[in-house]
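Data first, discussion second: the structure below is written as structure tokens.
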Amino acid sequence: DTLSVRWPVSGDYEIHLHGPNGFFRSYAGTAGTDPAPANLRREGRSQRLTVTAPRKAEITSAYAGEIRSRHLDTRATGGWYDLTLTLPGTTWARGFAGHLENGRPSVSDPQLGS
């Protein structure tokens, strides 16, 4: 399903969205000055994700540190991902975390308890 919400925001903001099975999104920045939006998209039914973000965004993973590619393979983490996108020198940041389901038995989040 799709959920579309608008928050009346002015100035600096920080919004956290929590869902089932470790699903998490965070949005921070300054209203009216934010660059293009950032998105995370699963590649078909694979364990790969594609990150769309402003060109100068820095991407870090709780599992792998800094990421240079806009494509992330989650097979080594059992489908779990935890990414933070930032633009140096700004308050803009986006967080994406969760688990890619594939209908098979899975493992707990490797970062659980860290």
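The values are calculated or read from the model by the stated rules, or taken from the named source; none is laboratory data. For clarity, every value in this text was computed on a predicted model and none was experimentally measured. Cβ placement follows ideal geometry from the backbone for every residue including glycine, while neighbour counts extend to all protein chains displayed. Each accessible area value is taken on the protein alone, full model and side chains, heavy atoms only, with ligands, DNA and RNA left out. Shrake-Rupley method; radii C 1.70, N 1.55, O 1.52, S 1.80 Å.
Within the set of other residues whose C-beta is less than 15 Å from the C-beta of ARG70, count the net charge using Lys and Arg as +1 and Asp and Glu as -1. Charge balance in the 15 Å sphere: +3.
For segment 53-102, the set of trypsin sites (Lys or Arg not before Pro) satisfying both a DSSP loop assignment and a count of at most 16 other C-beta atoms within 10 Å is given as ARG55, LYS56, ARG68, ARG70. Pick from THR33, THR84, THR74: which is most flexible by mean-square fluctuation in a GNM of the chain where alpha carbon atoms under 10 Å apart are linked? Among THR33, THR84, THR74, the largest GNM mean-square fluctuation belongs to THR33. Estimated at the nearest 10 Å², the accessible area of PHE96 is 10 Å² with a 1.4 Å probe. Carbon-plus-sulfur accessible fraction, segment 44-112 (probe radius 1.4 Å, protein heavy atoms only): 51%. Hey, could you get me the Stokes-Einstein D for segment 33-114, Kirkwood radius over alpha-carbon pairs, 37 °C and 0.692 mPa s, rounded to whole µm² s⁻¹? Approximately 244 µm²/s, per Stokes-Einstein.
Per-residue Karplus couplings for segment 37-42, computed as 6.51 cos²θ - 1.76 cosθ + 1.60 with θ equal to phi - 60°, are listed in order as x, 10, 9, 10, 9, 6 Hz, Gly and Pro entered as x.
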